[in-house]
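J.: Submitted below is the structure of interest, expressed as structure tokens.
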Amino acid sequence: MSFVFNPPETVSVPVVGRAERFPVQRIYCVGRNYVEHAKEMGFTGREPPFFFIKPANTVVLALPGETAQLPYPTLTQDYQHEIEMVVAIGKGGKNIKAADAHKHIFGYAVGLDMTRRDLQGDMKKQGRPWCIGKAFDHSSPIGPITPVEQAGDVNHAEIWLQVNGQDRQRSDLSKLIWNVAETIEHLSTAWELQPGDLIYSGTPEGVKAVVKGNVLVGCVAGLGEIRLQVV
Ligand code: MN
């Protein structure tokens, strides 16, 4: 087969303990999935989960022992971090029941749903799509994917983010409004999940702006740490 130009390389993420990499298909993100974060965004209560999508090529790899570079994006004065646990789908499917969700999960990773909050806010006010606030270049940092067998209990795991050594976000995955299995159940009614899909499961409270030079260190217990510097 020939193309009118060379197609881009497949975006992929390293897998802990394996030479093979995880090829990324789509990136789904869950909005407002912790009560305290919903409150800080001006909402309350348990609403049905909602989703947005980022292109696969927004991934920024944060490799163990390294400080990844995170380019400060254009157009924003309010570039915010959202630490999130990421679910990596290994087997596709639609209308997946929560009780069967585990059969579709390859592994988990630590990720950041970076956000141009000012632009997202403008779009919300105008009832327009969030793309410009969420789905911009370099907006999806992620660490290596830990296969489920090695990941421990991610439904009860601490999640935290520090900026320049100071706590910004600290919570526990047990506080997710919609847990991983319930999220997969809802998501798979709207899209047929495919192997390679990533699901950013939502961020706890404490989202705040970062500026050039800031060093972000994020962690989910059992999944390691990621480290990035805004440049
Ligand atoms: Mn988010």
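J.: Tell me, please, whether a residue that is away from the ligand (no atom under 16 Å from the Cβ) and in a loop (DSSP other than H, G, I, E, B) can be found in segment 104-114.
T.: No, every residue in segment 104-114 fails to be away from the ligand (no atom under 16 Å from the Cβ) and in a loop (DSSP other than H, G, I, E, B).
J.: Where residues in segment 44-55 are outside any strand (DSSP E or B), in contact with a helix residue (DSSP H, G or I) (Cβ under 8 Å, 6 or more places away or on another chain) and farther than 20 Å from Thr189 by Cβ, which of them is least open to solvent (accessible area, probe 1.4 Å)?
T.: Gly45
J.: Select, from Gln77, Gln69, the only residue that is assigned to a strand (DSSP E or B), more than 14 Å from the chain's Cα centre (by Cα) and of a type outside the set (Gly, Ala, Ser).
T.: After applying the criteria, what remains is Gln69.
J.: Which count do you get for residues in segment 183-198 that are within 17 Å of the chain's Cα centre (by Cα) and open to solvent by less than 10 Å² (accessible area, probe 1.4 Å)?
T.: 7
J.: Has segment 1-23 got at least one residue that is within 16 Å of the ligand (Cβ to nearest atom), within 17 Å of the chain's Cα centre (by Cα) and within 21 Å of Ser139 (Cα to Cα)?
T.: Applying the first criterion (within 16 Å of the ligand (Cβ to nearest atom)) to segment 1-23 yields none.
The answer is no; no qualifying residue exists.
J.: Within segment 73-93, track down each residue that is open to solvent by less than 60 Å² (accessible area, probe 1.4 Å) and closer than 25 Å to Asp167 by Cβ. Break it down stepwise before answering.
T.: The initial filter retains those residues of segment 73-93 that are open to solvent by less than 60 Å² (accessible area, probe 1.4 Å), namely 73, 76, 78-90, 92-93.
Once the filter is applied, which keeps residues that are open to solvent by less than 60 Å² (accessible area, probe 1.4 Å) and closer than 25 Å to Asp167 by Cβ, segment 73-93 yields Pro73, Thr76, Asp78, Tyr79, Gln80, His81, Glu82, Ile83, Glu84, Met85, Val86, Val87.
J.: Need the failing condition index for Ile159 against (1) in contact (Cβ under 8 Å) with a residue 40 or more places away in the chain; (2) surrounded by fewer than 18 Cβ atoms within 10 Å (Cβ to Cβ); (3) closer than 20 Å to Leu228 by Cβ, just the number.
T.: Single failed check for Ile159: (2).
J.: Out of contact with any Ser or Thr (no Cβ under 6 Å at 6 or more places or on another chain) and either within 16 Å of the ligand (Cβ to nearest atom) or farther than 25 Å from Glu66 by Cα (or both): does that describe Gln166?
T.: On the way: out of contact with any Ser or Thr (no Cβ under 6 Å at 6 or more places or on another chain): yes; either within 16 Å of the ligand (Cβ to nearest atom) or farther than 25 Å from Glu66 by Cα (or both): no.
No; evaluated as a whole, the condition is false for this residue.
J.: Still on this structure, please answer the following. Within segment 1-43, count every residue that is out of contact with any Asp or Glu (no Cβ under 9 Å at 6 or more places or on another chain), touching a residue at least 40 places away in the same chain (Cβ under 8 Å) and open to solvent by 60 Å² or more (accessible area, probe 1.4 Å).
T.: 4
J.: Could you check segment 174-187 and list, in sequence order, the residues that are closer than 20 Å to Ala109 by Cβ and in contact (Cβ under 8 Å) with a residue 24 or more places away in the chain? First the steps, then the outcome.
T.: Taking segment 174-187 first, the residues closer than 20 Å to Ala109 by Cβ are 174-176, 178-184, 187.
Scanning segment 174-187 gives Lys175, Leu176, Trp178, Asn179, Val180, Ala181, Glu182, Thr183, Ile184, Leu187.
J.: Failed condition for Lys125, given (1) part of a strand (DSSP E or B); (2) more than 16 Å from the ligand (Cβ to nearest atom), with all others met?
T.: (1)
The values are calculated or read from the model by the stated rules, or taken from the named source; none is laboratory data. These figures come from a predicted structure and were not determined experimentally. Reconstructed Cβ throughout: ideal geometry from the backbone, glycine too, with neighbour counts over all protein chains shown. With ligands, DNA and RNA removed, areas are computed over all heavy atoms of the protein, side chains included. Shrake-Rupley method; radii C 1.70, N 1.55, O 1.52, S 1.80 Å.
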